[in-house]
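The values are calculated or read from the model by the stated rules, or taken from the named source; none is laboratory data. Just so it is clear, the model here is predicted, and its values are computed rather than measured. Neighbour counts run over all protein chains shown; Cβ positions are idealised from the backbone, glycine included. The protein model used for the area step is the full one, side chains on, heavy atoms only, and it has no ligands, DNA or RNA in it. Shrake-Rupley method; radii C 1.70, N 1.55, O 1.52, S 1.80 Å.
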Amino acid sequence: LRPASGSRQQDAPGAADGLALASDPGGTLNFLAMVENLQGDSGRGYYLEMLIGTPPQALNILVDTGSSNFAVAGVPDPDVTSYFNPELSSTYRSEGIEVTVKYSQGSWTGVLGTDVITMPKGLYGSYTINIATILESENFFLPGVKWHGILGLAYDALAKPSSSVETFFDSLVRQAKIPNIFSLQMCGAGLPVSGSGANGGSLVLGGIEPSLYTGDIWYTPIKEEWYYQVEILKLEVGGQNLELDCREYNADKAIVDSGTTLLRLPEKVFSAVVQAIARTSLIQEFSSGFWTGSQLACWDRTEKPWSLFPKLSIYLRDENSSRSFRISILPQLYIQPILVIGDNLQCYRFGISSSTNALVIGATVMEGFYVIFDRAQRRVGFAVSPCAEVDGFPVSEIEGPFSTANVASNCVSSVTFHEPALWIASYALMSLCGIILLVLIVLLLIPPRCQHRYTDNDVVNDESSLVRHRWK
């Protein structure tokens with residue numbers, strides 16, 4: 001790996017002479033072998049080919065930085081063209097543990113096991129990995145998707161059924177002795193969000209490939225190691241600050257998630273962004289259905305509507321907390337072509353949506369950048385991606401540094417209901433309800449003359465016993 005130019009770049013940790021290296025037959029890790037090892041698009045996800053089991057079974061695996069389980073279809077499904085059959089693999093070992101994972105869209109249930117995997121365009125060698133074979137799913141595999149499983153690259157805190165399940169990337173770091181860092185480039189800017197699926201991209205395991213970015217890499221700290229949670233300081237639309245309290249941008253978390261299609265914004269932020277775009281754009285009267293995602297907007301194919309909309313900028317706290325930097329996307333990334341009608345009309349969707357529990361930097365934004373997940377130094381890096389061009393012009397920018405003198409020292413809420421804490425609270429509530437239920441049973445067995453006559457105020461509300469999963 002060649003050291004990158006630019007003052008913001010720092011070398012990967014733990015590597016000799018500042019180079020991110022790992023063992024292979026030549027003694028170094030060839031990151032160029034991982035360039036363009038992804039296929040897909042922002043509408044249906046970016047995926048990597050893997051060979052699983054002995055003899056190997058080839059499957060396409062969705063790359064998802066917002067979850068932590070490695071799971072593959074384990075039975076036939078109407079929406080998948082291939083699946084992994086454990087009975088045909090001599091190296092598969094079942095753990096006999098059922099696991100269920102729920103996402104913001106869809107869920108699946110399967111069984112944990114282990115098997116060997118290799119990556120034709122990845123690290124050299126075979127590695128033993130925890131694999132969940134999906135036996136049942138709901139709205140997970142969708143019509144038209146070309147992947148057969150999911151590769152969760154987030155932290156073990158999100159792994160199901162518990163954080164004791166070693167994640168895919170942790171297994172690679174341990175077995176392949178690579179640096180604890182990976183990087184991701186998704187090349188679908190300005191292309192139909194559900195096109196041929198051949199847009200391409202790169203997942204670089206163990207380091208950074210300089211050919212995948214231009215200029216400098218800017219890093220922001222990872223606030224918590226579960227999702228890749230970062231701290232957002234402000235948003236601008238067309239250069240105008242939204243003037244919201246910075247905690248609104250981080251309610252209740254802000255994460256970088258390749259498995260989410262859109263840029264998702266907390267409801268208050270989303271409303272402010274839509275109002276600012278509508279106010280700034282050259283289209284004063286616009287269908288409300290376009291902003292909510294229920295309608296498309298169509299123009300003549302000879303027209304490019306992007307000139308009608310403003311630039312969107314997200315400010316992230318720098319590693320030096322007194323400074324920030326901004327990543328900006330042009331409308332070519334958030335006004336997304338999706339459908340052609342007849343010979344004359346091209347229809348577009350709004351690549352931003354509202355969220356009830358997070359700001360999610362999804363594919364809408366990530367397609368503009370080469371994103372580095374530096375787990376060793378607990379930071380996420382952003383650099384301009386050379387494939388983020390439309391008609392020969394860049395559609396993303398990074399600028400900085402900027403002072404944070406007028407920003408709160410901490411924009412992340414001090415009360416965050418992280419998943420481990422949620423489970424602890426849930427189990428405590430269930431235990432309490434179990435005790436109450438036991439008391440009620442005892443009371444029912446007591447002769448009627450000794451029973452207490454309950455009033456409406458004494459009725460136990462069993463809603464408190466429900467375990468509410470934190471979905472992606």
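Restricting attention to segment 391-411, the residues that are surrounded by fewer than 14 Cβ atoms within 10 Å (Cβ to Cβ) and of a type in the set (Asp, Glu) total 2. At least 3 residues being open to solvent by 10 Å² or more (accessible area, probe 1.4 Å) is the threshold, and among the strands (runs of 3 or more DSSP E) wholly inside segment 59-157 those reaching it are 93-102, 107-118, 127-138.
Within segment 363-390, the only residue that satisfies the criterion of being assigned to a strand (DSSP E or B), touching an Asp or Glu at 6+ places or on another chain (Cβ under 9 Å) and open to solvent by 10 Å² or more (accessible area, probe 1.4 Å) is VAL384.
To keep it simple, each residue is scored yes or no on (1) modelled with pLDDT of 95 or more; (2) open to solvent by 10 Å² or more (accessible area, probe 1.4 Å); (3) in contact with a Ser or Thr (Cβ under 9 Å, 6 or more places away or on another chain).
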site: SER194; (1), (2), (3): no, yes, yes
site: ALA198; (1), (2), (3): no, yes, no
site: LEU205; (1), (2), (3): yes, no, yes
site: TYR213; (1), (2), (3): yes, yes, yes
site: ASP216; (1), (2), (3): yes, yes, yes
site: TYR219; (1), (2), (3): yes, no, no
site: GLU224; (1), (2), (3): yes, yes, yes
site: TYR228; (1), (2), (3): yes, no, yes
site: GLU231; (1), (2), (3): yes, no, yes
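Taking the criterion of being surrounded by 15 or more Cβ atoms within 10 Å (Cβ to Cβ), part of a loop (DSSP other than H, G, I, E, B) and either modelled with pLDDT of 90 or more or of a type in the set (Ser, Thr, Tyr) (or both), the residues of segment 299-325 that qualify are PHE309, PRO310, LYS311, ASP318, GLU319.
The residues of segment 233-244 that are surrounded by fewer than 22 Cβ atoms within 10 Å (Cβ to Cβ) and either within 22 Å of the chain's Cα centre (by Cα) or touching a residue at least 40 places away in the same chain (Cβ under 8 Å) (or both), listed by number, are GLU236, GLY238, GLY239, GLN240.
Checked against the criterion of being surrounded by 15 or more Cβ atoms within 10 Å (Cβ to Cβ) and in the same structural domain as LYS223 (by the TED database), the candidates THR292, THR260 yield just one match: THR260. When ARG279 is tested against (1) of a type in the set (D, E, K, R); (2) open to solvent by less than 60 Å² (accessible area, probe 1.4 Å); (3) free of Cβ contacts under 8 Å to residues at least 24 places away in the same chain, only condition (2) is not met. Scanning segment 165-176 turns up no residue that is open to solvent by 40 Å² or more (accessible area, probe 1.4 Å), in contact (Cβ under 8 Å) with a residue 40 or more places away in the chain and over 21 Å from ASN69 (Cα atoms).
Selection of segment 226-253 for residues being more than 21 Å from LYS102 (Cβ to Cβ) and in a strand (DSSP E or B) yields ILE232, LEU233, LYS234, LEU235, GLU236, VAL237, GLN240, ASN241.
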